[in-house]
Amino acid sequence: MDQLLVALDVESAAKAIALADSLRGIAGGFKIGSRLFTSEGPTIVRALVEKRDRVFLDLKFHDIPNTVAQAVSAAASLGVWMLNVHASGGAAMLQAARAAADRAAERHGRRPLLIAVTVLTSLDAAALAGIGIDETPLDHAVRLAELARREGCDGVVASPQETAAIRRACGTDFLVVTPGIRGAAAERDDQARTMTPADAIRAGSSYLVIGRPVTGAQNPRDAAERIAGELAISP
């Protein structure tokens, strides 16, 4: 299932590789986030890339433009398929990230997809207000998505609840990567703005990032197959 990206948010390379091996053929790719990358470093990225897996490096770069450009270059040299930065880093940072991704294409013959994070799925309106943002999550996400598109990003990370509005604002060729996906029978845990896989695809999501509902299951492959089944029956 090409649209299903499984988040390997586990504590060790051995567990991540075992999960990837068990899910290959169902998952369209694997997300490596801060926990695993901090523990294992670039070695785990290279290990999956060598297995010809699509790797989404989810480190959410957010710094001054030059530092982010260097980070994007380093990530691209690992052979990642997709990486992300925070849209709230601003126009200059996004421009620097895109330029670095373009240079990677010249050096390595491929350019990673550059995705900008809008509003984290753990945040609601009250949480945004607490950090001085006087907008709803929907309005803030759309505004950041429009910025990301203007500055050359390939898409955004956004809650599935914002996907339809981002589609209207940014068009059908703009990627929308949606975390916070939970199966129809799943508990919502710490994700505040969630949606089922089928509903997210109907709303216009390009890729679904799913972690704990798969990796925390007693049989991760069975859990991934159930989610793939939900997508298969989505009109």
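Every read-out reported here was derived from the displayed coordinates using simple, explicitly stated rules and does not represent laboratory data. What you are looking at is a predicted structure, and each value in this text was computed from that prediction instead of being measured. Using ideal geometry, Cβ is built from the backbone for each residue, glycine included, and neighbour counts are taken over all protein chains shown.
See the values below:
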read-out: Every residue from the range 25-56 that is more than 19 Å from Val214 (Cβ to Cβ) and in a strand (DSSP E or B); value: none
read-out: Long-range neighbours under 8 Å by Cβ, at least six apart or interchain, first residue under 21 Å from Ile181 (Cβ atoms) within the range 2-16, second among the charged types (D, E, K, R) and surrounded by 22 or more Cβ atoms within 10 Å (Cβ to Cβ); value: Leu5/Lys31; Val6/Lys31; Ala7/Lys31; Ala7/Asp58; Leu8/Lys31; Asp9/Lys31
read-out: Residue that is farthest from Arg52 (Cα to Cα), among those in the range 69-94 that are in a strand (DSSP E or B) and out of contact with any Leu (no Cβ under 6 Å at 6 or more places or on another chain); value: His86
read-out: Matching residues in the range 8-22 - criterion: being under 16 Å from Ala224 (Cβ atoms) and among the polar types (S, T, N, Q); value: Ser22
read-out: Flag for Ala92 being crowded, with 23+ Cβ neighbours inside 10 Å and not hydroxyl-bearing (Ser, Thr, Tyr); value: no
